[in-house]
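Notes follow the structure.
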Amino acid sequence: DGRSRKRGRRENSGDRKKSPVKRKVNKAAVSTPSTSPVPTISTTRSLRPRKAVNYAEEPEPDADGFIFCSACNRLEYNGCEEHVTYFGDNIEFNLKVRKSAMNGGNSGDGVYNGGKTISEGVLFGPYSGTFIPSSIYDLVKKDKKESGNAWEVFDKDYKKAVGVIDPGVSLDPQLHWMAKINCPSTTAEQNLEGFQLAGQIYYRAIKDIIQGRELLVWYGDGYAMDLGIKVEII
């Protein structure tokens, strides 16, 4: 099955009120019986320019446009304005690809933090690879030719899967370093979570990751079982 994903929330826009309409007023001339003529008094009030009012409904934000803010403990559309989302990369944090410590060292390569501490909330991505539509990837799965590195992608409303992002089998450790990040053996070891943002896959640090620590992201129960992990006890 595809690797795990996280769903967003939507917020509804508020109602709008119509502006009151002002009308032009003319006061008629006033005269009283008198031996001397009384001057005519006339006043006119003009309409003030009115701002255009748009009564069309605002579109709801895309479900995959939200980023979790741990400081506010909620999902924020396009990220939190108060606590700005930080996007990191493998060069800045000196991330290194080498033999993973997971599953007794029998899980192939992994990615380690070789630099400064990666703070909780830092994002990595997007996950590099080729987008393959679901109709084509179904044939790939039927022929059992999956790379094992593909992330499933949903439409912007999370109603159906539209395809996968697949870097393939022969991975360039510099370009496809995110595909080298391994799956943890227990939930306590997990320090990254994968989620969909604007049609792309990103990883978010869910705790501080100190220098020398292996980066680990949960890929879903199916992938974990393929690695021999007993998901019912983690």
So the carbon and sulfur contribution to the accessible area of region 165-216, 1.4 Å probe, in percent, is 50 percent
Under a 5 Å amide H to amide H cut-off, with H placed in plane at 1.01 Å, what residues pair with GLY114 once short-range neighbours are removed? LEU95, LYS96, GLY212
What does the net charge come to around ASP109 if you take all other residues with beta carbon closer than 15 Å to its beta carbon, with K and R at +1 and D and E at -1? +2
Roughly speaking, what is the stretch gain from VAL169 to GLU92, that is 0.36 nm per residue apart minus the C-alpha to C-alpha distance, in nm to one decimal? 25.1 nm
Distance in nm between pseudo-label sites at ASN78 and SER147 (7 Å out along the Cβ direction from Cα): 3.2 nm
Taking a ≥ b ≥ c as the square roots of the eigenvalues of the Cα gyration tensor of region 65-194, is the shape rounded (a/c under 1.5), prolate (a/b larger than b/c) or oblate? oblate
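If you stretched the chain out fully between ALA198 and LYS116, how much longer would it get, using 0.36 nm times the residue separation minus the C-alpha to C-alpha distance?
Values: separation 82, 0.36 × 82 = 29.52 nm, distance 2.86 nm.
This chain segment gains 26.7 nm when fully extended.
The values are calculated or read from the model by the stated rules, or taken from the named source; none is laboratory data. Note that this is a predicted model, so its numbers are computed, not measured. Glycine gets a Cβ as well: all are built from the backbone with ideal geometry, and neighbour counts include every protein chain shown. Note: accessible area is taken over every heavy atom of the protein model, side chains too, but ligands, DNA and RNA are not part of it. Shrake-Rupley method; radii C 1.70, N 1.55, O 1.52, S 1.80 Å.
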